[in-house]
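Note sheet for the following structure.
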Amino acid sequence: MTLEEVRNHFENHDTFAKHLGIELVKIDKGKGVATMPFDERHRNGMGQTHGGAIFALADMAFAAASNASGIFCVNAQTSISYV
């Protein structure tokens, strides 16, 4: 599946990522790169980037990498940790 095919699939079916402004910029076998603007949609109550927005961005990059082969799948569990 090409970058355009995967990008089109997510743009047409992932309304949450679209709402956040997430854009897929690179997809390769096992690799996904996504960008997201930082604006009022992404702020928490303290005015900083909401953790959910950061997680959504990481999830979209992971989804692109996982689905790059053309076999659509979902993730059962994910965690992000600081090392």
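The values are calculated or read from the model by the stated rules, or taken from the named source; none is laboratory data. Here the structure is a predicted model, which is why all the values come from computation and not from measurement. Note: ideal-geometry Cβ built from the backbone for every residue, glycine included; neighbour counts use all protein chains shown.
Which members of the range 39-83 meet the condition of being modelled with pLDDT of 90 or more and loosely packed, with under 13 Cβ neighbours inside 10 Å?
Asp39, Glu40, Arg41, Asn44, Gly45, Met46, Gly47, Gln48, Gly51, Gly52
For Glu11, only one of the following conditions fails: (1) under 22 Å from Val74 (Cβ atoms); (2) at pLDDT 90 or above. What is its number?
(2)
Please work out which one of (1) farther than 13 Å from Phe62 by Cβ; (2) modelled with pLDDT under 95 is the condition Gly30 fails and give its number.
Tallying (1) farther than 13 Å from Phe62 by Cβ; (2) modelled with pLDDT under 95, Gly30 fails exactly one: (1).
Across the range 28-83, what is the total count of residues that are touching a residue at least 40 places away in the same chain (Cβ under 8 Å) and touching a strand residue (DSSP E or B) at 6+ places or on another chain (Cβ under 6 Å)?
The total comes to 3.
For the list (1) in contact with a Ser or Thr (Cβ under 9 Å, 6 or more places away or on another chain); (2) under 24 Å from Ser81 (Cβ atoms); (3) not in a helix (DSSP H, G or I), I need the number of the one condition that Phe62 fails.
In the conditions (1) in contact with a Ser or Thr (Cβ under 9 Å, 6 or more places away or on another chain); (2) under 24 Å from Ser81 (Cβ atoms); (3) not in a helix (DSSP H, G or I), Phe62 misses (3) alone.
Do you know which residues across the range 39-59 are in a helix (DSSP H, G or I), of a type in the set (D, E, K, R) and farther than 27 Å from Asp28 by Cβ?
Within the range 39-59, Glu40, Arg41 qualify.
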